[in-house]
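Below is one structure, written out as structure tokens; comments come after it.
The values are calculated or read from the model by the stated rules, or taken from the named source; none is laboratory data. Here the structure is a predicted model, which means the values were calculated and not measured. A quick note on method: Cβ atoms are made from the backbone with ideal geometry, for glycine too, and the neighbour counts reach across all protein chains shown. Heads up: the accessible areas ignore ligands, DNA and RNA and are worked out on the full protein's heavy atoms, side chains in. Shrake-Rupley method; radii C 1.70, N 1.55, O 1.52, S 1.80 Å.
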Amino acid sequence: MRRVEMEGVPEVLGTVCPPPSKSGSHRVLTAAALCEGSTELRNVLNAEDVRATLRLCRKLGAEIDVDGGERLEVTVSGFGDSPRVPEDVVDCGNSGTTLRFGCGLAGLVGGIVVLTGDDSLRSRPVGDLLAALRSLGVDARGRVWRGEEYPPVVISGHPLRERVAVYGDVSSQFVSALLFLGAGLGALRVDVVGGLRSRPYVDMTVETLERFGVSVVREGPSFEVEGRPRSPGELRVENDWSSAGYFVALGAIGGEVRIQGVDLGSSHPDRRIVEIAREMGAEVRRIDGGIVVRSTGRLEGVEVDLSNSPDLVPTVAAMACFADGVTRIENVGHLRYKEVDRLRALAAELPKFGVEVREGEDWLEIVGGEPVGARVDSRGDHRMAMALAVVGAFARGKTVVERADAVSISYPRFWEDLASIGVPVRSV
């Protein structure tokens, strides 16, 4: 368990370049594995979650060559229409995306595929996705507890039907998994019932499939997938707005941060952090190749619906700790099914800084104030670790973040980048 100690500062100043998109990396690797032939992928994230998807694709028969350090160049020779049965259990680590996409890909195999992960992943429900696979004729079973299904999951058999319904109100990844399954089959209609949380992430999946030559027609809550993926030859993953968001927050609270390599025209849902920072009172301006975020000396609380950008909740909550008045974050009940129950975790950890937090079933309220240094615990969640670090960067006195190594899931250089803009950081 790694522990990081940091001292609060009055302001930050510097330049960072966030890592490649985790969401984008998962999606292009999955699509490339479904292709016949070879695809060259540039700027792929080198982090634990993405390495889990690399393992999954290899176990299903894709040949993958990896080169590079923090930003990978990956050559994928896909398994096409002939995925193989894995020789052993597929370990998805902490990556919910890998496991859920893997459930979809497993429906193409025919033989038995077993997917599991760490303790955190085995606590995340997948019942709605497995029920959708069963409705297609696939044998899909998970560990049953209190009427819900969890990993490990065992999947075998091929789909017998060309239309499936799935609930979309727990995770958009259930829908994305079925879209990838449809692309592997060459045709599938996916009907989403019960509402769709995090719709922009499904849009990212559709956009990825279309870049690989798959037709996805959207009709209301339904998606009609037609055609198998074809290699685009070469493709580059954009830099990550989820990771950039922590430095947007840092610049908004105090100082000035230049964030390079982010695209304001991106379809990534977490690009919305720019709009929220401006609404709270920060100055954000476009520069060549990125943005600059500057504090105006005062932030105001806001009321914001983050149903489509759930990964921003910890980031906005961190900014809210320094804002005048109350910030209310609404329609985010699906955060209870992330690596940890993030609403409960934020409601438990932020008050350690002396901040008042109120928690509802699908909302969070933070009363801004003057945070003081504290000993806090990421609970092994990467987004919690980085959000707590944002608060600790400006809290008066010393802050200790327990399980700080969780950042390796999506942003391995986070602590180094934080130190580069003037926050004293020490591993203890």
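Could you figure out which of (1) over 18 Å from Ile253 (Cα atoms); (2) in contact with a Pro (Cβ under 8 Å, 6 or more places away or on another chain); (3) at pLDDT 95 or above isn't true of His382? For His382, the exception is condition (2). Hey, any hits in region 120-133 for a residue that's assigned to a strand (DSSP E or B) and of a type in the set (Lys, Arg)? So far as region 120-133 goes, no, none of its residues is assigned to a strand (DSSP E or B) and of a type in the set (Lys, Arg).
Taking region 390-418, which residues are more than 25 Å from Lys22 (Cα to Cα) and open to solvent by 30 Å² or more (accessible area, probe 1.4 Å)? Of everything in region 390-418, those that are more than 25 Å from Lys22 (Cα to Cα) and open to solvent by 30 Å² or more (accessible area, probe 1.4 Å) turn out to be Arg396, Gly397, Lys398. Beta carbons closer than 7 Å, at least 6 apart along the sequence or on distinct chains, pair a first residue in region 409-423 that is modelled with pLDDT of 95 or more with a second that is assigned to a loop (DSSP other than H, G, I, E, B) and among the β-branched types (Val, Ile, Thr) for Gly422/Val9; Val423/Val9.
The combined condition, being out of contact with any Pro (no Cβ under 9 Å at 6 or more places or on another chain), within 25 Å of Val340 (Cα to Cα), without any contact (Cβ under 8 Å) to a residue 40 or more places away in the chain and not small (Gly, Ala, Ser), is not fulfilled by Tyr150. Give the residues of region 4-19 that are open to solvent by less than 10 Å² (accessible area, probe 1.4 Å) and of a type outside the set (A, V, I, L, M), sorted by residue number. Once the filter is applied, which keeps residues that are open to solvent by less than 10 Å² (accessible area, probe 1.4 Å) and of a type outside the set (A, V, I, L, M), region 4-19 yields only Pro18. Taken over region 45-74, the criterion of being open to solvent by 10 Å² or more (accessible area, probe 1.4 Å), in a helix (DSSP H, G or I) and in contact with a helix residue (DSSP H, G or I) (Cβ under 6 Å, 6 or more places away or on another chain) is satisfied by Glu48 alone. When residues in region 29-38 are screened for being part of a strand (DSSP E or B) and crowded, with 24+ Cβ neighbours inside 10 Å, 0 of them pass. Based on what the data block shows, is Val164 among the β-branched types (Val, Ile, Thr), open to solvent by less than 30 Å² (accessible area, probe 1.4 Å), over 19 Å from the mean Cα position of the chain (by Cα) and closer than 22 Å to Asp203 by Cα? When the stated conditions are applied, Val164 passes them. Out of all the residues in region 1-28, which are assigned to a strand (DSSP E or B), of a type in the set (Ser, Thr, Tyr) and either out of contact with any strand residue (DSSP E or B) (no Cβ under 8 Å at 6 or more places or on another chain) or closer than 19 Å to Asp311 by Cβ (or both)? Matches in region 1-28: none. Among the residues in region 105-123, are any within 23 Å of Met386 (Cα to Cα), acidic (Asp, Glu) and in contact (Cβ under 8 Å) with a residue 60 or more places away in the chain? Scanning region 105-123 turns up no residue that is within 23 Å of Met386 (Cα to Cα), acidic (Asp, Glu) and in contact (Cβ under 8 Å) with a residue 60 or more places away in the chain.
Applying the condition of being assigned to a loop (DSSP other than H, G, I, E, B) and either open to solvent by 10 Å² or more (accessible area, probe 1.4 Å) or of a type in the set (A, V, I, L, M) (or both) to region 228-249 and asking which residue is farthest from Arg163 (Cα to Cα) yields Glu238.
Filtering Val170, Val164 for residues that are assigned to a strand (DSSP E or B) and either under 30 Å from Gly213 (Cβ atoms) or aliphatic (A, V, I, L, M) (or both) leaves a single hit, Val164. The number of residues in region 340-389 being part of a loop (DSSP other than H, G, I, E, B), open to solvent by 20 Å² or more (accessible area, probe 1.4 Å) and not aliphatic (A, V, I, L, M) comes to 11. Looking across Arg143, Arg218, Arg161, Arg197, one residue alone is in contact with a Phe, Trp or Tyr (Cβ under 9 Å, 6 or more places away or on another chain) and either without any contact (Cβ under 8 Å) to a residue 40 or more places away in the chain or over 30 Å from Glu234 (Cβ atoms) (or both). It is Arg143.
Here Thr75, Thr98 are screened, and the one residue that is within 19 Å of Val28 (Cβ to Cβ), within 18 Å of the chain's Cα centre (by Cα) and modelled with pLDDT of 95 or more is Thr98.
Scanning region 265-278 for residues that are free of Cβ contacts under 8 Å to residues at least 24 places away in the same chain and assigned to a helix (DSSP H, G or I), we see that the one that is farthest from Pro18 (Cα to Cα) is Arg278. Checked against the criterion of being open to solvent by 50 Å² or more (accessible area, probe 1.4 Å), among the hydroxyl-bearing types (Ser, Thr, Tyr) and over 16 Å from the mean Cα position of the chain (by Cα), the candidates Thr327, Thr296 yield just one match: Thr296.
Would you confirm whether any residue within region 211-227 is over 21 Å from Val332 (Cα atoms), open to solvent by less than 60 Å² (accessible area, probe 1.4 Å), in contact with a Cys (Cβ under 6 Å, 6 or more places away or on another chain) and part of a loop (DSSP other than H, G, I, E, B)? Checked region 211-227: no residue is over 21 Å from Val332 (Cα atoms), open to solvent by less than 60 Å² (accessible area, probe 1.4 Å), in contact with a Cys (Cβ under 6 Å, 6 or more places away or on another chain) and part of a loop (DSSP other than H, G, I, E, B).
Could you go through region 252-260 and let me know if any residue there is in contact (Cβ under 8 Å) with a residue 40 or more places away in the chain, farther than 21 Å from Gly8 by Cβ, of a type outside the set (Asp, Glu) and buried (at least 24 other Cβ atoms within 10 Å of the Cβ). Scanning region 252-260 turns up at least one residue that is in contact (Cβ under 8 Å) with a residue 40 or more places away in the chain, farther than 21 Å from Gly8 by Cβ, of a type outside the set (Asp, Glu) and buried (at least 24 other Cβ atoms within 10 Å of the Cβ).
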